[in-house]
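Trainee: Pasting a structure here, questions to come.
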Amino acid sequence: MSNLFRSLVFVPGNNPRFLAKAKSLPADIVCFDLEDSVPDKEKKKARVLIKNTLKQRNKYSPDVFVRTNSPESGLIELKKIEKTILSLEKKRKIKGIRLMPSIESALGVVNCYEIASSSKRIDALVFGIFDLLNDMRIEYTKGNPRGAKYSRYKVPVAATAAGVVAIDGIWQDLKDKSGFVKDCQVGRSLGYAGKSVIHPDQIKTVHKIFHPSKPEIIWAKKVCSVYKKSTKKGKGATVVEGKMIDEVHYKRAKALLEI
Amino acid sequence: MSNLFRSLVFVPGNNPRFLAKAKSLPADIVCFDLEDSVPDKEKKKARVLIKNTLKQRNKYSPDVFVRTNSPESGLIELKKIEKTILSLEKKRKIKGIRLMPSIESALGVVNCYEIASSSKRIDALVFGIFDLLNDMRIEYTKGNPRGAKYSRYKVPVAATAAGVVAIDGIWQDLKDKSGFVKDCQVGRSLGYAGKSVIHPDQIKTVHKIFHPSKPEIIWAKKVCSVYKKSTKKGKGATVVEGKMIDEVHYKRAKALLEI
Amino acid sequence: MSNLFRSLVFVPGNNPRFLAKAKSLPADIVCFDLEDSVPDKEKKKARVLIKNTLKQRNKYSPDVFVRTNSPESGLIELKKIEKTILSLEKKRKIKGIRLMPSIESALGVVNCYEIASSSKRIDALVFGIFDLLNDMRIEYTKGNPRGAKYSRYKVPVAATAAGVVAIDGIWQDLKDKSGFVKDCQVGRSLGYAGKSVIHPDQIKTVHKIFHPSKPEIIWAKKVCSVYKKSTKKGKGATVVEGKMIDEVHYKRAKALLEI
């Protein structure tokens, strides 16, 4: 389970050196990629590499996620996946596998609230701007492209409504640093909790701009205080600002205050 | 039932002087507030004050609404409330209690069309920008904040689709009058019929900017003419521009033409 | 069935000369109008004119559509229409009648994804900005009016999600050519495949700006190559980028490459 969501770094799953180096990345989340960054021919090799790497996942300072190849995506599949995960958890005696669905197609945008609320395992929605624009056959333009606005603006609303966070899409032009800063600020102002990252050099900027906001700090303080009182009385889940608060939220709140 | 929706003034429910003064406010709607503007300690007192004030509601020049404390909100509750209202109307021999749900959370935004069309008692959706931004943990910035755009732009579409009007959120900075004017114009251009108001000084500006638009005037004239013909023939409800028109719409249309 | 959707020219259905001239218009689609451009008194005459014109529809260089008078619109009706069309096709021995629903009311915007995916006959959603603004009682302002943004931005997302294209609304001011160019560019950047046109002079500009984008060309090449292989093996439908591809898509892809 992830407590912080400021930065999600994609690590190509076919590169053993990058997979190893990710151990000490100062990011909140690393995501071993089996999808776009791995050529078809290397998928098999990458799958084995990631499988082996995951055995050492306790040695990773960031939280570890894996970006799988897309099944024929959609809600129904998400519920199938849920079942598969549960049986795998039992079989392999692991616990607490979490999900972060990518919203990177027009159909995903239409259904993003339903997707975000389809499983208790979901921590976040990750917005994928390039795949979305490609799905809509829109040429990417730098900045805050008009054709992605409806979707980019909707995703954090849907995520909040479902009680999860939203992580913004990547910024591709590593050389255009002021463009990157601006893009982070746009994401922040839209309610994203963090940003997808394609290079370690971007992490510092991301953490600076996605530093907890005042409303987050106030929320986190409330949650910590109310939850502690509630557990002292022997109760678990409680209510803050009219919403159910359990251990997941408590840990997230604590992590926010510890930054 | 409200016929005009240009201005909705919030009146703190714990202040007897303000409640009394609201009688002669030149606003379309006054809303006795039991929620944000009343501290927890004073809720009980405010409830009694409002109860007594409501006995004189016929002496109020604006329409009178009450902003209740939020129950654990949602659609289901709205239908429960509907039942409660009906039984109260029978018991206390009052008629025509109307509702104006506030859309002030991400979940409310997701469901705003369903909310707007969940009861025949609903006159309007009221957009609550500060609570929404707080729900999304976005710091408020003056103007037309980016993080609220998706929601602020969606609400009037959902309201229109459900056959009700939309009332825009408040402007907090009483000193920044040009900012206020601009904010009213933004709301107007988005299709809001009026604006929430926190100080009587704001009413005049609001009424000026939310003066009936040309399409409203044209619609109102059509409705009045068609409805009069229909009632002469002994029929009630009729159709204008493909939509059902009944007495509610006729009164609203007449009021628009009388401004 | 339409293969290209760059330009949709409305032709008043009560004007025999315009109906005849439309034969050789260099547009992708002509749409014989029975709705807004035909006064009530001429509807009957127009219906007969269009009926006779349709007998020569094979002589038309653009694809031919008819814009009917709105029934009390909505999804349910769309399914009724589907049945009527099927029985008409059988009775009159015609094939392949296609639909392009107009999204021109707030209720249409709320339901645009459901509408777009309600029938296999649907080729495109057509956005109607003037009727929408009128429905929302917003006065039209030139450019990209704020009150239509939510809707105009949502329609191509919903269309893409349903696997159909979106055609942008009209530009009314024939004299303001730079305004028209800009409006076409806005539509293009939002993912619209083409634009509604009220005068033949607009066609050239529209075709220039809605020239296939790079992602469209790449998609079209993939579809053609994969579909040819698939049919060689005796299979029909196949999958490209995770989506079902059949003859409809193949023809569209081929047409895009032939521009």
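Read-outs: derived from the displayed coordinates by stated rules, not from any lab. Just so it is clear, the structure is predicted and the values come from calculations on it, not from any experiment. Positions of Cβ are generated from backbone atoms using ideal geometry, with glycine treated the same way; all protein chains shown enter the neighbour counts.
Trainee: How many nanometers, to one decimal and shortest first, lie between the label point of residue A:24 and those of its other copies, if labels sit 7 Å from Cα toward Cβ?
Mentor: Between copies, matching label points for residue A:24 lie 7.7, 7.7 nm apart.
Trainee: For the pairs A:154/B:251; A:177/C:204; C:21/C:182; C:142/C:208; B:83/C:149, note any where the Cα-Cα span goes beyond 32 Å. Could you put the intermediate results ahead of the total?
Mentor: On the way: A:154/B:251 36 Å; A:177/C:204 40 Å; C:21/C:182 28 Å; C:142/C:208 22 Å; B:83/C:149 37 Å.
Violating the 32 Å limit, Cα to Cα: A:154/B:251; A:177/C:204; B:83/C:149.
Trainee: Pop out the ³J(HN,Hα) list for segment B:61-66 in order, Karplus 6.51 cos²θ - 1.76 cosθ + 1.60 with θ = phi - 60°, rounded to Hz; leave Gly and Pro as x.
Mentor: Residue by residue, segment B:61-66 yields 6, x, 5, 10, 10, 10 Hz.
Trainee: For label points placed 7 Å from Cα toward Cβ, what is the shortest-first list of nm distances from residue A:177 to its copies?
Mentor: So the label point of residue A:177 gives 4.6, 4.6 nm to the other copies.
Trainee: Mind checking which aspartates and glutamates have their Cα closer than 18 Å to the Cα of residue C:23? Skip sequence neighbours fewer than 8 apart in that chain.
Mentor: Correct list for residue C:23: C:33, C:63, C:201.
Trainee: Note down the magnitude of the dipole of segment B:66-173 about its Cα centre, charges +1 on Lys and Arg C-beta and -1 on Asp and Glu C-beta and zero elsewhere, to the nearest 20 debye. The partial results should precede the final answer.
Mentor: On the way: 18 positive and 12 negative charges, 122 e Å.
Computed about the Cα centre, the dipole is about 580 debye.
Trainee: Given a cut-off of under 8 Å on Cα pairs at least six residues apart, what relative contact order in percent is computed for chain A?
Mentor: Values: 397 pairs, mean separation 48.5, N = 259.
Once normalised by length, the contact order is 19 percent.
Trainee: Name the chain C residue nearest the rotation axis between C and A, going by Cβ position, and give the distance in whole Å.
Mentor: C:150, 4
Trainee: Amide H to amide H under 5 Å from residue B:122: which residues, 5+ apart in sequence or cross-chain, H placed 1.01 Å off N in plane?
Mentor: Result for residue B:122 returns B:99.
Trainee: In nm, give the distance between the simple-model label positions of residue C:20 and residue A:120, each being 7 Å from the Cα along the Cα-to-Cβ direction.
Mentor: 7.4 nm
Trainee: At a 10 Å Cβ-Cβ cut-off, how would you order A:245, C:217, C:115, fewest neighbours first? Provide the component values of the computation, followed by the final result.
Mentor: Working: A:245 23, C:217 16, C:115 26.
With the fewest neighbours first, A:245, C:217, C:115 line up as C:217, A:245, C:115.
Trainee: Hey, got the average number of other protein chain Cβ atoms within 10 angstrom for residues in A:135-143? Working shown, then result.
Mentor: On the way: counts 9, 12, 15, 11, 6, 2, 1, 0, 0.
Taking all residues of A:135-143 together, the mean is 6.
Trainee: Which residue, C:256, C:133, C:39, has the largest displacement toward the positive end of the dipole of chain C when charges sit on each Cβ (Lys, Arg +1; Asp, Glu -1)?
Mentor: Highest projection toward the positive end goes to C:256.
Trainee: Looking only at other chains, what is the average number of their beta-carbon atoms within 10 angstrom of each beta-carbon in A:105-112? Intermediate results must be reported in sequence, preceding the final value.
Mentor: Numbers: counts 6, 10, 9, 2, 6, 11, 2, 1.
Whole-number average of other-chain Cβ neighbours for A:105-112 is 6.
Trainee: Okay, next question. Measuring from a point 7 Å out along Cα→Cβ, what nm distances, shortest first, does residue A:55 have to its partners in the other copies?
Mentor: 8.1, 8.1
Trainee: With both partners inside the protein assembly as shown, how many of the DSSP beta bridges are antiparallel, as a percent to the nearest 5?
Mentor: 10 percent
Trainee: Neighbouring Cβ atoms within 10 Å as the yardstick, rank B:130, A:65 fewest first. If you can, show how the numbers build up before the last one.
Mentor: On the way: B:130 14, A:65 22.
Fewest-to-most Cβ neighbours within 10 Å comes out as B:130, A:65.
Trainee: Residues of A:151-159, mean number of Cβ from any other protein chain within 10 Å of their own Cβ, rounded to a whole number?
Mentor: On the way: counts 4, 1, 10, 9, 1, 6, 14, 5, 2.
For peptide A:151-159, the averaged partner shielding equals 6.
Trainee: Under 5 Å between amide H atoms, partner at least 5 residues away or on a different chain: which partners does residue B:245 have, H built in plane at 1.01 Å?
Mentor: B:238, B:239, B:240
Trainee: Still on this model: Where does each of B:155, C:226 land when they are ranked from fewest to most other beta-carbon atoms within 10 angstrom?
Mentor: Values: B:155 29, C:226 17.
Listing B:155, C:226 from fewest to most nearby Cβ atoms yields C:226, B:155.
Trainee: Which percent, nearest 5, of DSSP beta bridges in chain B are antiparallel? Write out the running numbers ahead of the final one.
Mentor: Values: 3 of 24 bridges.
That works out to approximately 10 percent antiparallel.
Trainee: Return a whole-number percent for the relative contact order of segment A:127-259, with Cα pairs under 8 Å and 6 or more residues apart as the contact set.
Mentor: Values: 130 pairs, mean separation 22.6, N = 133.
Relative contact order of segment A:127-259: 17 percent.
Trainee: Can I ask one more? For chain B, what does the helix formula give at 222 nm: sum of -39500 (n - 2.57) over DSSP H segments with n ≥ 4, over the residue count, nearest 500 deg cm²/dmol? The partial results should precede the final answer.
Mentor: Numbers: 11 runs with 121 residues, N = 259.
The helix contribution divided over chain B gives -14000 deg cm²/dmol.
Trainee: For segment A:41-57, in order, what is each residue's ³J(HN,Hα) by Karplus, 6.51 cos²θ - 1.76 cosθ + 1.60 with θ = phi - 60°, in whole Hz (x at glycine and Pro)?
Mentor: 5, 9, 4, 4, 4, 4, 4, 5, 4, 5, 4, 5, 4, 5, 5, 9, 4
Trainee: Assign one of three labels to chain B, namely rounded, prolate or oblate, based on the Cα gyration tensor with a ≥ b ≥ c the square roots of its eigenvalues; rounded applies when a/c is under 1.5, prolate when it is not and a/b is larger than b/c, and oblate otherwise.
Mentor: Because its axes are fairly even, with a/c under 1.5, chain B counts as rounded.
Trainee: Near the amide H of residue A:197, under 5 Å away, which other amide H atoms are found, from residues 5 or more places off or on another chain, if H is placed in the peptide plane?
Mentor: Result for residue A:197 returns A:8, A:9, A:10.
Trainee: Next question. If you keep only loop residues by DSSP, which trypsin sites (Lys or Arg not before Pro) in segment C:72-157 have at most 11 other Cβ atoms within 10 Å of their Cβ?
Mentor: Listed in order of number, the matching sites are C:93, C:95, C:120.
Trainee: So what are the ³J(HN,Hα) numbers for segment A:224-229, from phi and the Karplus equation (6.51, -1.76, 1.60; θ = phi - 60°), rounded to whole Hz, Gly and Pro as x?
Mentor: Result, rounded to whole Hz: 4, 5, 5, 5, 4, 4.
Trainee: Pick out which of B:140, B:150, B:60 has the largest mean-square fluctuation in a Gaussian network model of chain B, springs linking Cα atoms closer than 10 Å.
Mentor: For chain B, modelled as a Gaussian network with Cα springs under 10 Å, the answer is B:150.
Trainee: Also, quick follow-up: Bin all alpha-carbon pair distances of the protein assembly as shown at 20 Å intervals from 0 and give each bin's fraction as a whole percent.
Mentor: So the P(r) values, bin by bin, are 14, 44, 33, 8, 0.
Trainee: Below 8 Å, C-alpha to C-alpha, sequence gap of six or more: please give me the relative contact order for segment C:54-147 in percent.
Mentor: Details: 70 pairs, mean separation 22.4, N = 94.
Computed value for segment C:54-147: 24 percent relative contact order.
Trainee: Going toward the positive end of the dipole of the protein assembly as shown, with +1 on Lys and Arg Cβ and -1 on Asp and Glu Cβ, which of C:26, B:174, B:110 do you reach last?
Mentor: Ranked along the dipole, the leading option is B:110.
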